[in-house]
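The values are calculated or read from the model by the stated rules, or taken from the named source; none is laboratory data. Quick caveat, the model's predicted, so the values are computed rather than measured. Neighbour counts run over all protein chains shown; Cβ positions are idealised from the backbone, glycine included.
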């Protein structure tokens, strides 16, 4: 029986990362979704993972959450190399994932959703409703979430409130790392601010937070470390004191690619207004595109 592989130690002592990925890759047939991705998650810190659609964020989440396994590189949890075969195994290792759809039952009460799948039993077939309501109220209060009526359907709450309840639930059930999948994507400014505040509360509670987002402004408000993915690769890996918001935004927006596009379109007149009566229907001239030459 082979010994469990542990994470290599760094100069000055062992790594303090709860979750660490080293040169991780994931391919689906001929499609390489992630290539050589390295990142670490530490207690009491917020690691922000940014990227546009198709950057590899979803694949990264699925690996950490136990939905898919990586097929290149290494992943360590609490210093031991791990391959998760299921989400339950990931959760059992202290990694909780809060997805964008939250996996809540809209018509069920707040306290039922808080204990969904982890109900407190009473007798052979009953549930200890009084205990669950009390614990739910206490835990939400600790996070600063005030919901006077815990019997109200959770679907009646705002998007920000539902995100915060999902965060509080993960903390209560022993998460050491909490992965938040685009928690502010569908929210307005005020509700996004509520969620960002609770991300910081989770950090202050000693959790390692992975904040997946495409919004550099939200990331910079709470992040300690920033990783930007592009086409499955890490294109930026920087601590907060190594990158400014402008640099983060520029890299997220495309950097050189955006500059090249601006150069291509510099002859265009963005303020031009065309009179429809002067345009013949269907007479659109295709733009000239320089295609690479194909060698025989």
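Being within 19 Å of residue 21 (Cβ to Cβ) and exposed (fewer than 13 other Cβ atoms within 10 Å of the Cβ) is the requirement here; does residue 85 meet it? Quick ask: steps written out before the conclusion?
Working: within 19 Å of residue 21 (Cβ to Cβ): yes; exposed (fewer than 13 other Cβ atoms within 10 Å of the Cβ): yes.
In short, yes.
Here is the figure for the stretch 220-244: residues that are under 17 Å from residue 63 (Cα atoms) and without any contact (Cβ under 8 Å) to a residue 12 or more places away in the chain total 0.
The set of residues in the stretch 6-64 being farther than 25 Å from residue 249 by Cβ, modelled with pLDDT of 90 or more and not in a strand (DSSP E or B) consists of 43, 44, 62, 63, 64. For the stretch 86-108, filtered to residues that are assigned to a loop (DSSP other than H, G, I, E, B) and modelled with pLDDT of 90 or more, the residue that is nearest to residue 180 (Cα to Cα) is 94. Residues in the stretch 83-108 that are in contact with a helix residue (DSSP H, G or I) (Cβ under 8 Å, 6 or more places away or on another chain) and farther than 15 Å from residue 163 by Cα: 84, 87, 90, 95, 107, 108. Selection of the stretch 196-215 for residues being surrounded by fewer than 23 Cβ atoms within 10 Å (Cβ to Cβ) and farther than 20 Å from residue 65 by Cα yields 196, 197, 200, 201, 204, 205, 215. Only residues that are assigned to a helix (DSSP H, G or I), under 12 Å from residue 167 (Cα atoms) and within 12 Å of the chain's Cα centre (by Cα) were counted in the stretch 191-243, giving 1. Contact map, the stretch 45-72: residues that are in contact (Cβ under 8 Å) with a residue 24 or more places away in the chain and on the phi > 0 side of the Ramachandran plot paired with residues that are part of a loop (DSSP other than H, G, I, E, B) and buried (at least 20 other Cβ atoms within 10 Å of the Cβ), Cβ distance under 6 Å, separation 6+ or inter-chain. Pairs shown: 56/232; 66/84. Inside the stretch 69-83, residues that are in a loop (DSSP other than H, G, I, E, B) and under 18 Å from the mean Cα position of the chain (by Cα) make up a count of 2.
Would you be able to say whether some residue in the stretch 159-170 is at pLDDT 90 or above and either surrounded by 15 or more Cβ atoms within 10 Å (Cβ to Cβ) or over 25 Å from the mean Cα position of the chain (by Cα) (or both)?
No, because not a single residue in the stretch 159-170 is at pLDDT 90 or above and either surrounded by 15 or more Cβ atoms within 10 Å (Cβ to Cβ) or over 25 Å from the mean Cα position of the chain (by Cα) (or both).
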